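Since the structure comes first, as structure tokens, the remarks are kept for the end.
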Amino acid sequence: MLSLDRQEEYRRRYAERRPDWRPSSHVYRDAVAASLFPDAKVLDLGCGRGGVMERLHTRAAFTAGLDPDLSSLREHRALALGLASGLAGALPYRDDAFDLVCCSWVLEHLREPARVFSEVARVLRPGGQFVFLTPNARHPLLILNRALRWTEGRLVDRLYDRAEPDIFPAFYRANSPGRIRQLAIGAGFEHVSLRVIADPTYLAFNDRLFDLSCLLERFIPRAMRVHLVGACIQT
């Protein structure tokens, strides 16, 4: 298996080879940071034990963190947040409550993404943003993950030394550029921007496989790169 620390080391090495490349987590973090202002009210959707607002919440007036997993909320590393347990398809907040809703590694787990996009649109103020990071279902590894139905969409997690409590079924019902745009427009968002980001480290179980993955990455079409960072603007 590939540990997260080892994967991060390969990402560092890939960045040395490609100085113009940045990990999707950094692109996402910067997109969230760019949407913050001193009076902002933020919802970190699927916040888990920390999330991006763990470090950025001091830049906003108020940050709520929502997650269905109580054990994660109990272990949250930024207890200053307004933490609550709940589901993305039935957000326990009033209309127009937030200036920003952000989430990472959440969209792939949604059974009913249309309902979630509508709920996010409901709790955002006019001009508010929904910023997210999620896998691209068009990437070959994700296609394999979906094809092996016996894994319940968990093949990727099982390969990468993740703790069992942090492994959840993945459905990939909101995980392609076309589908995300369709969901966003259907929920009433005015503008959708997406960045498709490469990352050859998912098959880097050793140095040889890392080199091979870097080579293969050159031939993967841009639209099929492994990660999506997006932003939707509320009307």
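The values are calculated or read from the model by the stated rules, or taken from the named source; none is laboratory data. Since the model is a prediction, treat every value here as computed from it, not as a measurement. Backbone-built Cβ (ideal geometry, glycine too); neighbour counts: all protein chains shown.
Listing for the model above:
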quantity	calculated
Residue pairs meeting the criteria (Cβ under 8 Å; at least 6 apart or on separate chains; first free of Cβ contacts under 8 Å to residues at least 40 places away in the same chain, in segment 191-204; second assigned to a helix (DSSP H, G or I) and basic (Lys, Arg))	Leu194/Arg181
Hey, Glu16 acidic (Asp, Glu) and at pLDDT below 95 or not	no
All positions within segment 23-47 that are out of contact with any strand residue (DSSP E or B) (no Cβ under 6 Å at 6 or more places or on another chain) and in contact (Cβ under 8 Å) with a residue 12 or more places away in the chain	Pro23, Ser25, Arg29, Ala33, Leu36, Phe37, Pro38, Asp39
Residue satisfying all of: in segment 199-235; crowded, with 20+ Cβ neighbours inside 10 Å and of a type in the set (A, V, I, L, M); farthest from Arg6 (Cα to Cα) among these	Ala231
The one condition in (1) more than 16 Å from the chain's Cα centre (by Cα); (2) under 20 Å from Glu119 (Cα atoms) that Ala60 fails to fulfil	(2)
Count - residues of segment 8-56 that are acidic (Asp, Glu), more than 30 Å from Arg94 (Cα to Cα) and not in a loop (DSSP other than H, G, I, E, B)	3
Neighbours by Cβ (under 7 Å, 6+ apart or cross-chain): first from segment 207-218, closer than 15 Å to Glu9 by Cα; second of a type in the set (Lys, Arg)	Cys214/Arg17
Residue within segment 132-142 that is at pLDDT 95 or above, in a loop (DSSP other than H, G, I, E, B) and polar (S, T, N, Q) present	yes
Within segment 9-21, tally of residues that are surrounded by 11 or more Cβ atoms within 10 Å (Cβ to Cβ) and touching a residue at least 24 places away in the same chain (Cβ under 8 Å)	5
Residues that are in a strand (DSSP E or B) and surrounded by fewer than 16 Cβ atoms within 10 Å (Cβ to Cβ), drawn from segment 166-194	Glu190, His191, Ser193
Count of segment 69-110 residues which are in contact with a Pro (Cβ under 7 Å, 6 or more places away or on another chain), among the aliphatic types (A, V, I, L, M) and surrounded by 18 or more Cβ atoms within 10 Å (Cβ to Cβ)	1
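Condition check ((1) among the hydrophobic types (A, V, I, L, M, F, W, C); (2) in a loop (DSSP other than H, G, I, E, B); (3) closer than 18 Å to Leu133 by Cβ) across all residues:
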residue	(1), (2), (3)
Leu209	yes, no, no
Leu216	yes, no, no
Phe219	yes, yes, no
Gly230	no, no, yes
